[in-house]
1. From the residues in segment 90-100 that are farther than 20 Å from residue 159 by Cβ and in contact with a helix residue (DSSP H, G or I) (Cβ under 8 Å, 6 or more places away or on another chain), which one is surrounded by the most Cβ atoms within 10 Å (Cβ to Cβ)?
2. Does any residue of segment 88-101 turn out to be in contact with a strand residue (DSSP E or B) (Cβ under 6 Å, 6 or more places away or on another chain) and modelled with pLDDT under 90?
3. Among residues belonging to segment 28-48 that are farther than 10 Å from residue 76 by Cα and surrounded by 15 or more Cβ atoms within 10 Å (Cβ to Cβ), point out the one that is modelled with the lowest pLDDT.
4. Somewhere in segment 168-180, is a residue in contact with a strand residue (DSSP E or B) (Cβ under 9 Å, 6 or more places away or on another chain) and part of a helix (DSSP H, G or I)?
5. When segment 111-143 is examined, which residues are found to be surrounded by 15 or more Cβ atoms within 10 Å (Cβ to Cβ) and either without any contact (Cβ under 8 Å) to a residue 12 or more places away in the chain or not in a helix (DSSP H, G or I) (or both)?
6. Taking the criterion of being touching a helix residue (DSSP H, G or I) at 6+ places or on another chain (Cβ under 6 Å), touching a residue at least 24 places away in the same chain (Cβ under 8 Å) and within 26 Å of residue 29 (Cα to Cα), would at least one residue in segment 165-184 satisfy it?
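The values are calculated or read from the model by the stated rules, or taken from the named source; none is laboratory data. Nothing here was measured: the structure is a model prediction, and the numbers come from that model. When we count neighbours, we look across all protein chains shown, and the Cβ atoms used for this are built from the backbone with ideal geometry, even at glycine.
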């Protein structure tokens, strides 16, 4: 993925997309070298639209394109937001995650008002939830109070199998399909698909 941002290579996004070991799932893998792309992007005109331009030629190949971003809110994340129609916000049920959420909301405002791209919040996913702690309960209550029906019903609890699958570099469904983490993400996927179908049906009626 980092090579596709490098003007010197001339690589298009299509050339770095590879099939995964999951049926019907392609990936454009990245590496730590992608961090260097942020420096290169900072010198470009229209830098916030670089990823959007890269995605356009492959847009018709896929039903969905999902961009996984780092928790930092730099130029790469801004590129991802400008390239997307909707954003799903995962929020760890920890205090510092709430501070990061406020910064993200400010960034979304910049995308809408200054870049002129009307990105919508599709939903909010509470993660790393631990029902045994009062702080997790308080934060998830605050998230639901602020975002209302934008919060998905599927909260993702802390689960060691999610950690193990991440370390192994494989989806949790491949690592252990029957784990609680896998089942909760499956429930989340069903919620997202149902929401998408509802949105498309509403758009078709207008």
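1. 98
2. The answer is yes, given that some residue of segment 88-101 is in contact with a strand residue (DSSP E or B) (Cβ under 6 Å, 6 or more places away or on another chain) and modelled with pLDDT under 90.
3. For segment 28-48, the residue satisfying everything is 40.
4. yes
5. Correct list: 117, 119, 122, 123, 124, 125, 126, 127, 128, 129.
6. yes
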